[in-house]
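To start, the structure itself, in structure tokens.
The values are calculated or read from the model by the stated rules, or taken from the named source; none is laboratory data. This one's a predicted model, so the numbers in the text were calculated from it and none came from an experiment. A quick note on method: Cβ atoms are made from the backbone with ideal geometry, for glycine too, and the neighbour counts reach across all protein chains shown. Please note that ligands, DNA and RNA were not included when accessible areas were found on the heavy atoms of the full protein model with its side chains. Shrake-Rupley method; radii C 1.70, N 1.55, O 1.52, S 1.80 Å.
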Amino acid sequence: MSRVAVISIVLFACGVFVFGQDKQGQDNDGPFVFEGESWVSQKDFVDSGRRCNTHDLDEELMETIEADLEDLAMSDAYEVAGGTINVYFHVIRKGSGYSNGDISNTMIYDQIDVLNAAYAGTGWSFNLVSIDRTTNSTWYTMGHGTSAEAQAKNALRQGSADDLNIYTANPGGGLLGWATFPNSYASNPKNDGVVLLYSSLPGGTAAPYNEGDTGTHEVGHWMGLYHTFQGACTKNNDYVADTARERSAAYGCPTGRDTCRQTGVDPIHNFMDYTDDSCMYEFTPGQDARMDSMFTAYRYGK
């Protein structure tokens with residue numbers, strides 16, 4: 001074979017490789033079906049915003065939060081470094097039976113177990129205080145920021161700033177969940193909490209997001225964490241020094257993904273990325289410290 005032919009083959013192979021990857025440094029995947037709805041790919045599903053609908057904060061608000069945390073660090077105020085968080089669990093259903101969102105108590109107990117396992121290394125634990133069930137077809141399909149969400153939370157929320165309220169429902173469109181950040185409690189306490197797609201709980205049908213780590217991820221926001229890919233490759237990124245910078249959300253469970261040059265491979269195993277539940281298993285010490293500070297500043301004793 002001539003040298004020209006060899007070079008042509010190599011260039012063609014490289015072209016195929018590049019074409020087979022997206023600009024986010026991850027292989028393009030085939031058709032993705034989630035809860036009966038078909039997507040062009042899992043990337044398409046993730047890019048649609050269904051994986052997590054927690055809204056990113058604007059720069060001005062993030063800077064205000066960082067200033068508050070800096071003031072806390074420089075003060076003599078006591079900072080909590082773990083503890084037990086009471087959980088009020090609200091099942092919003094369309095009727096009886098799993099297909100109507102009427103999840104079993106076992107699924108709820110298993111979700112609490114998943115949370116306790118995920119946060120065990122941080123010093124935080126979760127104590128299920130109560131479960132209530134509400135049949136309301138309008139609330140059952142509530143979306144983020146809708147009047148239905150406001151009505152449901154105004155009617156059902158219990159406790160104070162340091163109590164976790166979890167709502168399960170069926171927002172539709174494959175949306176897995178969302179949460180409020182700690183700093184928003186003071187201005188809108190009734191809105192505080194976490195909303196989850198009911199089938200994302202352990203044993204649900206929302207594969208590959210049905211092992212309970214949508215709950216882990218959204219509670220991470222409720223505790224004050226951003227996505228690992230927030231800020232992309234910028235210096236501040238997610239405001240946690242020991243999570244590697246990441247240009248965009250990962251999905252599936254990619255091997256050796258590295259989208260930013262500054263720090264090691266992407267944190268695909270972190271609970272605050274977008275990978276499959278089976279791929280997630282860690283928070284970093286820096287995330288632990290940030291949760292402690294955010295909880296102290298905005299939730300403890302409030």
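Give me a count of the residues in segment 79-103 that are farther than 25 Å from residue 123 by Cα and surrounded by fewer than 15 Cβ atoms within 10 Å (Cβ to Cβ).
Result for segment 79-103: 4.
Being among the polar types (S, T, N, Q) and either at pLDDT below 90 or surrounded by fewer than 16 Cβ atoms within 10 Å (Cβ to Cβ) (or both) is the filter here; which residues of segment 42-73 pass it?
Of all residues in segment 42-73, those among the polar types (S, T, N, Q) come to 42, 48, 53-54, 64.
Answer for segment 42-73, where residues must be among the polar types (S, T, N, Q) and either at pLDDT below 90 or surrounded by fewer than 16 Cβ atoms within 10 Å (Cβ to Cβ) (or both): 48, 64.
In segment 120-147, what residues are hydroxyl-bearing (Ser, Thr, Tyr) and in contact with an Asp or Glu (Cβ under 9 Å, 6 or more places away or on another chain)?
122, 135
Looking at segment 29-148, what helices (runs of 4 or more DSSP H) fall wholly within it and have at least 2 residues that are in contact with a helix residue (DSSP H, G or I) (Cβ under 6 Å, 6 or more places away or on another chain) and not acidic (Asp, Glu)?
Helices (runs of 4 or more DSSP H) meeting the threshold: 59-74, 105-118, 137-140.
Against the definition (over 30 Å from residue 41 (Cα atoms), open to solvent by 10 Å² or more (accessible area, probe 1.4 Å) and either in contact with a helix residue (DSSP H, G or I) (Cβ under 6 Å, 6 or more places away or on another chain) or in a loop (DSSP other than H, G, I, E, B) (or both)), how does residue 159 come out, yes or no? Don't jump to the end; show me each part of the working.
Numbers: over 30 Å from residue 41 (Cα atoms): yes; open to solvent by 10 Å² or more (accessible area, probe 1.4 Å): yes; either in contact with a helix residue (DSSP H, G or I) (Cβ under 6 Å, 6 or more places away or on another chain) or in a loop (DSSP other than H, G, I, E, B) (or both): yes.
Yes.
Please determine, by comparing only the residues of segment 235-250 that are closer than 23 Å to residue 48 by Cα and not basic (Lys, Arg), which one is surrounded by the most Cβ atoms within 10 Å (Cβ to Cβ).
Looking only at segment 235-250, we keep the residues that are closer than 23 Å to residue 48 by Cα, and these are 237-238, 245-250.
Still in the running and not basic (Lys, Arg): 237-238, 246, 248-250.
Details: 237: 22, 238: 22, 246: 30, 248: 22, 249: 21, 250: 27.
Per the stated criteria, the residue is 246.
Return the residue satisfying two criteria in turn: it lies in segment 53-99 and is touching a Ser or Thr at 6+ places or on another chain (Cβ under 6 Å) and β-branched (Val, Ile, Thr), and of such residues it is nearest to residue 237 (Cα to Cα).
If we take residues in segment 53-99 being touching a Ser or Thr at 6+ places or on another chain (Cβ under 6 Å) and β-branched (Val, Ile, Thr), then 80 is nearest to residue 237 (Cα to Cα).
Which one is farthest from residue 213 (Cα to Cα) among residues in segment 227-277 that are in a loop (DSSP other than H, G, I, E, B) and among the acidic types (Asp, Glu)? Show your work before the answer.
Taking segment 227-277 and keeping what is in a loop (DSSP other than H, G, I, E, B), we get 227-269, 271-276.
Narrowing the set further to residues that are among the acidic types (Asp, Glu) leaves 238, 242, 246, 258, 266, 273, 276.
Numbers: 238: 19, 242: 21, 246: 20, 258: 23, 266: 19, 273: 11, 276: 9 Å.
Looking at the filtered set, the residue picked out is 258.
Output the qualifying pairs, or none if there are none: Cβ atoms under 8 angstrom, residues six or more apart or on different chains, first residue in segment 42-60 and closer than 20 Å to residue 197 by Cα, second residue open to solvent by 80 Å² or more (accessible area, probe 1.4 Å).
What qualifies is 43/28.
Among the residues of segment 270-302, write down those that are without any contact (Cβ under 8 Å) to a residue 60 or more places away in the chain and either in contact with a Pro (Cβ under 7 Å, 6 or more places away or on another chain) or closer than 17 Å to residue 230 by Cβ (or both).
270, 272, 273, 275, 284, 286
Can you report the number of residues in segment 259-275 which are farther than 20 Å from residue 222 by Cα, of a type in the set (D, E, K, R) and either surrounded by 16 or more Cβ atoms within 10 Å (Cβ to Cβ) or in contact with a strand residue (DSSP E or B) (Cβ under 8 Å, 6 or more places away or on another chain) (or both)?
The total comes to 1.
Run down 188, 170, 183 and say which single residue is surrounded by fewer than 22 Cβ atoms within 10 Å (Cβ to Cβ) and free of Cβ contacts under 8 Å to residues at least 60 places away in the same chain.
From the options 188, 170, 183, the qualifying one is 188.
When only residues in segment 191-211 that are closer than 22 Å to residue 156 by Cα and either of a type in the set (Gly, Ala, Ser) or over 13 Å from the mean Cα position of the chain (by Cα) (or both) count, which is surrounded by the most Cβ atoms within 10 Å (Cβ to Cβ)?
For segment 191-211, the residue satisfying everything is 193.
From the list 113, 76, exactly one residue is of a type in the set (Asp, Glu), modelled with pLDDT under 95 and surrounded by fewer than 17 Cβ atoms within 10 Å (Cβ to Cβ). Which is it? Step through it out loud before you land on a result.
Working: 113 fails: modelled with pLDDT under 95.
Just one listed residue meets the conditions, 76.
Give the residues of segment 16-39 that are at pLDDT 90 or above and either among the acidic types (Asp, Glu) or touching a Leu at 6+ places or on another chain (Cβ under 7 Å) (or both), sorted by residue number.
35, 37
In segment 236-256, which residue that is in contact (Cβ under 8 Å) with a residue 60 or more places away in the chain and not polar (S, T, N, Q) is farthest from residue 274 (Cα to Cα)?
Taking the candidates together, the pick is 239.
For residues that are assigned to a loop (DSSP other than H, G, I, E, B) and within 30 Å of residue 187 (Cα to Cα), scanning just segment 278-301, find the one that is nearest to the chain's Cα centre (by Cα).
Residue satisfying both the conditions and the ranking: 283.
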